[in-house]
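Let me begin by presenting the structure, written as structure tokens, before commenting on it.
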Amino acid sequence: MSSDPEKMMSKADKMTKLTLTRWSADWRGATELYEQAANGFRAANKYEKAKVALEKASQGQVMQSSPWDAAKHMESAAALAQKLSIWDEVADFYKKASELYVECGRAQPASDALGKAARALEDVKPEVAIQLYTDACEILEEDGRDQMAFDLYRACASVYIKLEKFADAATFFLRLGVAADKCDATNSQCKAYLSAIIVYLYGHDLKQAEKCYNDCSQIDAFLKSDQNRTASRLLTAYNEGDIEEIKKVACSSTVSNLDHVIIKLARKLPTGDVTAVQMNAGDDLDEDDLT
């Protein structure tokens, strides 16, 4: 048989088409040819053609009721689309692979495929990446595998921070905290809550940071933690307008053990005018009420 991938593709295409003399498609034979053609094109650095061959090989595996192999081919096609910077296809192919893994009842690789797509798109299509990370988390949550989603929550929060959507970033750290609570991962839980508070402070939202602190302090594990004490010191320093104390707490070992993206934010605290915080706090007083 010819080793020319172009001829393999042509022969495979004919095997999938019905004619007067061919009453049923030979998907098994065609798929093998598509797979061999993909390898040949890849070896010749003809990535666009290899990608097309892998798409057809994936379809061939679907026609043979083999979603696992079909998903593997879609992931390979997605990786080539990434190499070619065809970003819409990167998202579409990884999503298709994820759907095929779900069809196999395999939540982890289904989530992993979406995670790969999200990482590939973080810089070029961050909003799409966020949705992919979110979907990847939900697949694991629905399968009761919350602990496997920790890195995905962090990655999604990081993209939100790059987009300066601080409230959304904090929400994802809180989701991480809830997932960690389900898994009894106390250290990850407490770090997630402190991270959310720091994100709110970086986004100039002291009120939300305090609400977050009060809500999280209802949870016994956080109430007794070093992260709680650090958050308390930080909020007290903000309310007192003590810039030096804010900087000191931001450089503490507890903060230094958080994710790198949060450490970077903390080192820049305080952002904005801290004295304005004190003035706003004073606005609640009624000057005419001297009782």
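The values are calculated or read from the model by the stated rules, or taken from the named source; none is laboratory data. Please read these numbers as outputs of a predicted model, since none were measured by experiment. So basically every Cβ, Gly included, is an ideal-geometry build from the backbone, and we count neighbours across all protein chains shown. Please note that ligands, DNA and RNA were not included when accessible areas were found on the heavy atoms of the full protein model with its side chains. Shrake-Rupley method; radii C 1.70, N 1.55, O 1.52, S 1.80 Å.
Using Cα pairs closer than 8 Å and at least 6 residues apart in sequence, work out the relative contact order for the chain, in percent.
Relative contact order for the chain comes out at 8 percent.
Would you tally the net charge around residue 246, using a Cβ to Cβ cut-off of less than 13 Å, leaving residue 246 out, and scoring K and R as +1, D and E as -1?
Spelling it out: positives minus negatives among the neighbours equals 0.
In the range 170-264, which trypsin sites (Lys or Arg not before Pro) are in a loop and have at most 13 other Cβ atoms within 10 Å, using DSSP for the loop call?
For trypsin sites (Lys or Arg not before Pro) across the range 170-264 that sit outside H, G, I, E and B with at most 13 neighbouring Cβ atoms in 10 Å, the list reads 224.
Can you give me the three principal axis dimensions of the range 1-111 from its C-alpha atoms, in Å, biggest first?
Here the spans come out as 43, 31, 20 Å, largest first.
Local charge sum around residue 179 (other residues, Cβ-Cβ under 9 Å, Lys/Arg +1, Asp/Glu -1)?
-1
Rounding to the nearest 10 and keeping the result within 0 to 90°, find how far the Cα-based axis of helix 126-142 lies from the longest principal axis of the chain.
90
Express the accessible area of the range 186-268 per residue in Å², computed with a 1.4 Å probe while the remaining protein chains stay in the model.
Accessible surface, normalised per residue, equals 48 Å².
What is the sum of charges, Lys and Arg at +1 and Asp and Glu at -1, for the other residues whose Cβ falls under 9 Å from the Cβ of residue 111?
Value of the local net charge: -3.
Filter the cross-link list 96/264; 17/49; 17/96; 49/95 down to pairs whose alpha-carbon distance in this structure exceeds 27 Å.
In this structure, 96/264 lie more than 27 Å apart at Cα.
Relative contact order of the range 1-131: what whole-number percent is it, with Cα pairs under 8 angstrom and at least 6 residues apart?
Once divided by the residue count of the range 1-131, the mean separation gives 15 percent.
Add -39500 (n - 2.57) for each DSSP H run of 4 or more in the chain, then divide by its residues: what number comes out at 222 nm, to the nearest 500 deg cm²/dmol?
After summing the helix terms and dividing by residue count, I get -23500 deg cm²/dmol.
Using only alpha carbon pairs under 8 Å that are at least six residues apart, calculate the relative contact order of the range 96-253 and give it in whole percent.
12
Report, to the nearest whole %, how much of the accessible area of the range 31-84 belongs to carbon and sulfur atoms, 1.4 Å probe, protein only.
The nonpolar share, carbon plus sulfur, comes to 47 percent.
Roughly how many Å² is the accessible area per residue of the range 50-121, as a whole number, for a 1.4 Å probe?
Value returned for the range 50-121: 40 Å² of accessible area per residue.
For the range 173-247 and the range 1-65, what is the centre-to-centre distance using only Cα atoms, to the nearest Å?
56
With a 1.4 Å probe and all protein chains left in place, how much of the accessible area of the range 108-258 comes from carbon and sulfur atoms, in whole percent?
45
With each pseudo-label sitting 7 Å past Cα toward Cβ, what's the residue 220-residue 43 distance in nm, one decimal?
With each label placed 7 Å out from Cα toward Cβ, I get 6.5 nm.
Kindly express, to the nearest 10 degrees and within the range 0 to 90, the angle between helix 226-239's C-alpha long axis and the longest C-alpha principal axis of the chain.
Around 60 degrees separate the two axes.
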